[in-house]
Structures are given as structure tokens and as C-alpha cells.
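Asker: Just dropping this structure here.
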């Protein structure tokens, strides 16, 4: 808020500069007011020489008296005009030009050494406009790289416009004074000079009329009684009355009634020879009210008192002031009612302001907090960290991540806050800090819980790894210990069954066949366990090559033919001629054989199993359909899970460990294929999709 007031006062101060001062003094005052309002290191003014149509730097502030000449000298040495810099772009486009970092500005190379010597880093070049014409530039220099805000750009744009009017008015006033001085001199000359004086006066008045006529501000001449004698076109444009309606009439005609007292006070002052300026309102011919700034002076023209006035339309400026005041109210409301704590502290660490969220955080009143030192509300460790961060800011360093501090509320409760701050400066000196804090106490608590959970999870994971290692080792050992005696049992049983060791009865042969079947069953279960172990460790060791799908289906059907024959089940093959695919023939036969064995197991006596295979553009589809008992719909999604059995009761009719389909799924997926089952209650169909090598992904890659 203080910054906005300072800028508004600066605009008023520029417009109020006494145009009767020396021209260089006027330029210096414009620069000083603008730079101080912006908190800038320095500034310059460039003006267009109307006669030579050349841009020249005519004044500087904070850079040494010889800076303009040094700038021109650098341009001469580089062999380039001054307009080759960003100032030329502003002059051509009529728009401001921002140089965030002069070291990176290609148009500033000729003046780079001078820039480094004087130590400024960013510049905003702003056009000084007279109507649609640029009469020069008002430039502001910052010591550090700076991102000019919209508010700063708006301010310097208005300041440049104000400065343009002041410069033009000062030029005209200077010329008027010179001409008036000449007139006084002419009166003291002898009679023989009168004719020459009249001629010069005529030429002078003609020149003045050209200047007055081209001014963007209104210029008027009023007689002692207050009647308009002369006004330029800009004046009529401002007041929106015609020449016939104004010339010869009293000035009070365009003054609203509520402004009469103020205007007459100023009239009396100027009649006493006291020049000055003031703000008032005028009423247009249509009844619209406008705000104007008037500067007037008492003079004599042909021996009679006249009041010469310069009128500037400041209606838009007043609207801007009103908008700024409304913005101040709005931002004050946002400040007070923001969800996050917002505050300002001075350079010594004392609180200057805080919003309601900050008071809630510290559980105190504004009277208890304002003026107190921050050390009262923060832990010693956080205070030390805060002082270190302030030292970094004071030395021009940036703070990479938002600092986190531990705050202490009035009731003794400790809270963690994450802060973002910006410095408040007066010139190059840091006078305070504006900050926004975010209460992250709950976040810190959750992060601590997450850290503890992560440690527990890590420990559990390590325990699972160890358990998995022990389980794998156990499975490997137990399967080896089981396979060894089973292989011996099967071998000796086959010797007995084949009567290698002697004749046996038919009853004994039947019993040995039962032993052989169960031995094969146990060996198959143990191998399934080994396959599961390999799958878990991704150690299938698949051997890929080009294999014929038709051979795989034929061999698989032959392998299960004895089982099918026992149950009088017919196996039908509906297989088209198929191309070779990349795969492990042994493992693919294992899959098809397992699916056929399952179909035989769950198909009643005398049923049918159909093997179908088709080729499409990118894949081969194999389907095995049976007329068995089917699969309940709610269990279709789980039949490929490891150790899952449709009938899991102890009295189930069909044996098995529930590993076969899980192994099949892993083998098919290792071939970049898919497998699934369908059932309508009158049997089941298992589908296998395998990619063709020319279009599918190469499983061996």
C-alpha cells in the first residue's frame, strides 16, 4: 500500500514540476522522482532533436554528469547510431522495451563495458509521447536483474506521459519567457528599432502559434476579466466545446458549480502575480465531467495583462488512481482473509503486519504480535536458520527451496511452516521482508509416519526375500529327495511288471500297474512344483526356434490318446495348414498336453474333445473344446491362479494340485501370447493365441 501511495504521489509530483525552472533542472527532477518511486539505481532521458531528427541522451541520474557524453562516445567508437540500441526500437514502435539482463541484450553490446563499470543489470525503456508522436524516452535502470511487474510498467508509462507534457510545456514556457524578455528589450530600444522589433515580434508570434497549435495539451490566453481570447485545438478537444461557443466568453462557463470557489481562489492568486497549478473539473458541452490539471502564469501582451494557461486532461489518471485505491481495498481484503498466513517484518525482525490466518496460527491477537520480535514466536534453531537466510538475501543470493521453520504459538504449541519471502527495499537497502507461510505440521507428521512405514515395509520385504529363498531352497531339496526314491520305485516296479525278475500272476500285474500310474502321477506333480519354482525365478530356460504348430498339436493328441481311450473319449482335430512360429516346442507340447489332459479328466465317458487351429493376419489361435462338466462363471477368472481348484473340498472327485493351468499361462505369456477359458455349462473351451514371427514380437529377442 505504501508503494502504491508513493507512486501516486510521484505522478502528482512530476505533473507539478515548475516549468519555469531551468530545463536541465526540470529533467533532473523528473528522473529523481521516477527513480525513487521505482526503487531504481539510476535513469536517463533521451529527446528527439526535431530539426536534425536525431535521438540524443540529454540527462542522467545516478550515473555521473558525463554519462550522456560517454554513451554517445561509445556509439561513435562502435560506428553505430544511438538508435541501434533498444531505444531505437521504442522510438519506432512507440512501445516500452524491457531488458531483464543487459549482459544478454544483443543491441547493448557497444555499451557493455560502460554497463559493467557502472553496475546496472536491467533497464526499461519507455516512450515519452506527445499525442501519437514520440518526443523521447524515459529510461529506468536497476542494479540487479529485474522482472518488471505490470504495476511498475503502468507507473513508468504514466510517468513518461507526464514527463512528455512537462518537457513540452517547459520548452514552450522557456520560449515564451525568451520572447517576453525580447519584447522587454525591444521596448528599451530607440524609435528607429521599432519597425525591426515589430517584424521580429511577428515572426516570434508566428513561431509560437505553430508550437501552440501542435501541443497535445490545451493552451489558452484569458484577459483580465476572465474572457477567453485564444485557445489551441487541443484545448477544444479536451473541453468538447466549439471555438464559437468559447472565445469571448468567461472561463466560468466551463466550470462546474462545485469547483467555483477553488477556481476563483486560483484566479485571485494569479492576478497577484503568483503562478501555480491546480486540479479542477470542467463540464463539456454535453454535460460530461472531466478532470484537468491547469498551470497558469500572469504576463503582459502588448501592454495588457493576460493569463496564459496550460490545461492537461487527467481524467484517465484519476480513473487509474481510483482503480488503484479500489485495488488496495481488494488486496487488503485478500490479505486479511487469505487461507495462508501472510506477514511483514522489518529488517530488525519486528512484526509490522500479519493477517487473520497468521494470528490463528500463533493463537494470539494483533496487539500482542505487532511490534514483537520474531524470536518470541520461533525456536532458537529456526531463528538461527532464518538469520542465515536473511543474510543470503541481503548479499544478493537466492534461496533455492522454501525454508521450513518451527513456530511456537502463544499457548506453547509447536507448528511447522514452509515460507516464501520477498525483500522490501528502499533503494539498495533492505528495509523489511514480506512473507507467506503454509502450515505443514500435518504434512510433516504424515511424512514421519510414511518414513516409519517405509522402514517397516523395507524390513518386511527383506524378511519376505529370505522366506522366499528358504521356500525355494526347500522346494528344490524336497523335490530332489522325492524324485530320487520315486524314480527307483518306478524302475523296480517296471522290472517286476515286465517279468524281468520272474513270472508274476495277473492279479500282481494289475497291482503293479496301479503303482506305476501313481508313481507317474507323483513324478508329474513333483515336476509341476519344479516348473513353478523356475517360473518364479524366471528360469524356464526356453529354447526358441521355428516350430510347426501342426506337429505340436499332433504329438500332444498322441500323448493323451491312452487316457482318452480308457474313457472312450473321441479326439477330433480341425486344423488348417499353419505356418511355423517361434517357440519352445517341448514347452508348447506341455501346454497343449496339459489342456487335453484336463479336458479328458473333466469329460464323462464317451464324450468328445475337439482341437481347432486357425491363422489370421498376425497370430495363430488354438482352441480345445470338450463336452465335459463345464466351469462355473464365477470361477472362470481364477482357474489360472496357482494352487486353485474348482472343487477344493477334501472329498473332491478330481485330483491335482491346481498347478497345471498356472504353468500353462506362464509358458504362453513367455511366448508373448494369451490364454483364457470360456464355458456355457455344457462343456469348456480353452483358447490360446500365439503371435506369428513376421508380425508379432520375437519371443527370443
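The values are calculated or read from the model by the stated rules, or taken from the named source; none is laboratory data. Everything numeric here is computed off the predicted structure, so don't read it as measured data. When we count neighbours, we look across all protein chains shown, and the Cβ atoms used for this are built from the backbone with ideal geometry, even at glycine.
Residue-by-condition table, conditions (1) at pLDDT 80 or above; (2) farther than 23 Å from residue 597 by Cβ; (3) not in a helix (DSSP H, G or I):
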{"residue": "447", "(1), (2), (3)": "yes, yes, no"}
{"residue": "466", "(1), (2), (3)": "no, yes, no"}
{"residue": "478", "(1), (2), (3)": "no, yes, no"}
{"residue": "484", "(1), (2), (3)": "no, yes, no"}
{"residue": "507", "(1), (2), (3)": "yes, yes, no"}
{"residue": "524", "(1), (2), (3)": "no, no, no"}
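Asker: Here's something else I'd like to know. Within the range 650-669, can one find any residue that is within 20 Å of residue 592 (Cβ to Cβ), under 49 Å from the mean Cα position of the chain (by Cα) and modelled with pLDDT under 80?
Answerer: Within the range 650-669 (the criterion being within 20 Å of residue 592 (Cβ to Cβ), under 49 Å from the mean Cα position of the chain (by Cα) and modelled with pLDDT under 80), the answer is no, since none of the residues qualifies.
Asker: What about residue 434, is it out of contact with any helix residue (DSSP H, G or I) (no Cβ under 9 Å at 6 or more places or on another chain) and in a strand (DSSP E or B)? Break it down stepwise before answering.
Answerer: Values: out of contact with any helix residue (DSSP H, G or I) (no Cβ under 9 Å at 6 or more places or on another chain): yes; in a strand (DSSP E or B): yes.
It is true that residue 434 is out of contact with any helix residue (DSSP H, G or I) (no Cβ under 9 Å at 6 or more places or on another chain) and in a strand (DSSP E or B).
Asker: Turning to a different aspect of this structure: If we keep just the residues of the range 82-107 that are exposed (fewer than 13 other Cβ atoms within 10 Å of the Cβ) and under 19 Å from residue 45 (Cα atoms), which is farthest from the chain's Cα centre (by Cα)?
Answerer: Result: 92.
Asker: Can you tell me which of 204, 215 is within 20 Å of residue 296 (Cα to Cα) and either at pLDDT 90 or above or touching a helix residue (DSSP H, G or I) at 6+ places or on another chain (Cβ under 8 Å) (or both)?
Answerer: Numbers: 204 fails: within 20 Å of residue 296 (Cα to Cα).
One residue alone meets the criteria, 215.
Asker: Working carefully through the options 282, 219, 255, find the one that is buried (at least 16 other Cβ atoms within 10 Å of the Cβ) and free of Cβ contacts under 8 Å to residues at least 40 places away in the same chain. Can you show your working first?
Answerer: Values: 282 fails: free of Cβ contacts under 8 Å to residues at least 40 places away in the same chain; 219 fails: free of Cβ contacts under 8 Å to residues at least 40 places away in the same chain.
Answer to the selection: 255.
Asker: Still on this model: Would you check if residue 44 is part of a strand (DSSP E or B), in contact (Cβ under 8 Å) with a residue 60 or more places away in the chain and surrounded by 14 or more Cβ atoms within 10 Å (Cβ to Cβ)?
Answerer: For residue 44, the condition - part of a strand (DSSP E or B), in contact (Cβ under 8 Å) with a residue 60 or more places away in the chain and surrounded by 14 or more Cβ atoms within 10 Å (Cβ to Cβ) - is met.
Asker: Out of the range 123-133, which residues are surrounded by fewer than 22 Cβ atoms within 10 Å (Cβ to Cβ) and either touching a residue at least 24 places away in the same chain (Cβ under 8 Å) or not in a strand (DSSP E or B) (or both)?
Answerer: 129, 130, 131, 132
Asker: Please specify each residue of the range 594-612 satisfying the condition of being closer than 19 Å to residue 674 by Cβ and surrounded by fewer than 22 Cβ atoms within 10 Å (Cβ to Cβ).
Answerer: The answer is 594, 611, 612.
Asker: Does the range 48-59 contain any residue that is crowded, with 16+ Cβ neighbours inside 10 Å, part of a helix (DSSP H, G or I) and modelled with pLDDT of 90 or more?
Answerer: No, that holds for no residue.
Asker: Residue 574 fails exactly one of the following numbered conditions: (1) surrounded by 13 or more Cβ atoms within 10 Å (Cβ to Cβ); (2) closer than 26 Å to residue 693 by Cβ; (3) in contact with a strand residue (DSSP E or B) (Cβ under 7 Å, 6 or more places away or on another chain). What is the number of that condition?
Answerer: With (1) surrounded by 13 or more Cβ atoms within 10 Å (Cβ to Cβ); (2) closer than 26 Å to residue 693 by Cβ; (3) in contact with a strand residue (DSSP E or B) (Cβ under 7 Å, 6 or more places away or on another chain) applied to residue 574, the lone miss is (1).
Asker: Of the conditions (1) touching a strand residue (DSSP E or B) at 6+ places or on another chain (Cβ under 6 Å); (2) outside any helix (DSSP H, G or I), residue 318 fails just one. Which one is it?
Answerer: (2)
Asker: Next question, about the same structure. Which condition number does residue 287 fail, the rest of (1) part of a loop (DSSP other than H, G, I, E, B); (2) under 50 Å from the mean Cα position of the chain (by Cα); (3) crowded, with 17+ Cβ neighbours inside 10 Å being met?
Answerer: Every condition holds for residue 287 apart from (3).
Asker: Only one residue in 390, 351 is free of Cβ contacts under 8 Å to residues at least 60 places away in the same chain, surrounded by 14 or more Cβ atoms within 10 Å (Cβ to Cβ), in a helix (DSSP H, G or I) and touching a strand residue (DSSP E or B) at 6+ places or on another chain (Cβ under 8 Å). Which one?
Answerer: Details: 351 fails: in a helix (DSSP H, G or I).
Going through 390, 351 in turn, the sole match is 390.
Asker: Report, by residue number, each residue of the range 418-453 that is under 23 Å from the mean Cα position of the chain (by Cα) and in contact (Cβ under 8 Å) with a residue 60 or more places away in the chain.
Answerer: 434, 435, 436, 437, 438, 439
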